[in-house]
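The next block holds one structure in the form of structure tokens; read it before the comments.
Here, each number is a calculation from the coordinates, and none is a lab measurement. Here the structure is a predicted model, which is why all the values come from computation and not from measurement. As a convention, Cβ positions derive from the backbone with ideal geometry for all residues, glycine included, and neighbour counts pool all protein chains shown.
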């Protein structure tokens, strides 16, 4: 009960901070918060694949890139944002399903190699197919959408747009199927495809957020960073991606005054977690907050019947 109360207080304070923060931050700070929301959505998708289906994927950056390029290419040619948004999410879901069907016949590090190859292939397409992606010059002037007639051109307005997406996706997270008695691990392919679709949604938000899309952000480094978000936050925990994205996206900006020491500390944190607590920060917190049960021997000795049995045995 105490743990539930503590969790409720933490969530209330976090929600209050996220709602009020744009009024205290400058435009760049609001941009970083928006990037946190977008990357959290991508990490939630990867958490489906890794945390609940137990499969390592290094292709999440590719799905984010596909969603971003679809939105950037079509909206700069006059297409409505919401059509490109749905198109990007559905396309990534379909690609994830097609990729996952043969890839999931292999397990663990073999699947990682398959998804690594896919991520590399997609990155090369982004960089070399200039006729559609713009190559290294990218696609610029990506417009921001209107919501019910209201523009989201300002940093604060678009931040709330991203935050609303994060809240809706968290509420409708397919992982909640576990609470209804459905074991998501039996539906590995569906989890993989849904994770890819969430990557596409993150990309559809990323494009108008930065308003410029080029191949560089969608290289292997982003897939590894998203993987670290899930692992550090807590693989398989509902709020793991949220916490992992804070560590990977927000803290580097807030601790910029430490220069390169933050990266050293981050690397040390990952090493320690992998060695002693692979379930991440939330797994560590769960272990620390869980009430310790008394050893069986002490409990048995504390019972009168056990004491009498011990005396009779003597």
Original post:
So if we plug the beta-carbon distance of residue 12 and residue 168 into 1/(1 + (r/R0)^6) with R0 = 22 Å, what FRET efficiency do we get, rounded to 0.05?
Top reply: 0.70
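What's the extension gain from residue 251 to residue 220 if we count 0.36 nm per residue and subtract their Cα-Cα distance? Don't skip to the end; give the middle numbers.
Values: separation 31, 0.36 × 31 = 11.16 nm, distance 2.14 nm.
Answer, rounded to one decimal: 9.0 nm.
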Original post:
Given the Cα-Cα distance of residue 269 and residue 212 and 0.36 nm per residue of separation, how much length would full extension add, in nm?
Top reply: 17.2 nm
Original post:
Which residues in the stretch 59-86 place their backbone N less than 16 Å from a point set 7 Å from the Cα of residue 141 along the Cα-to-Cβ direction?
Top reply: 72-79
Original post:
What list do you get for 70, 272, 30 if you sort them by fewest beta carbons within 10 Å?
Top reply: 272, 30, 70
Subject >> Chain lengthening between residue 105 and residue 125 when straightened (0.36 nm per residue, less Cα-Cα) >> reply: 4.6 nm
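By per-residue mean of other Cβ atoms within 10 Å, what is the highest-first order of 9-17, 234-242, 46-54?
Values: 9-17: 11.0, 234-242: 22.9, 46-54: 25.6.
The most tightly packed comes first, giving 46-54, 234-242, 9-17.
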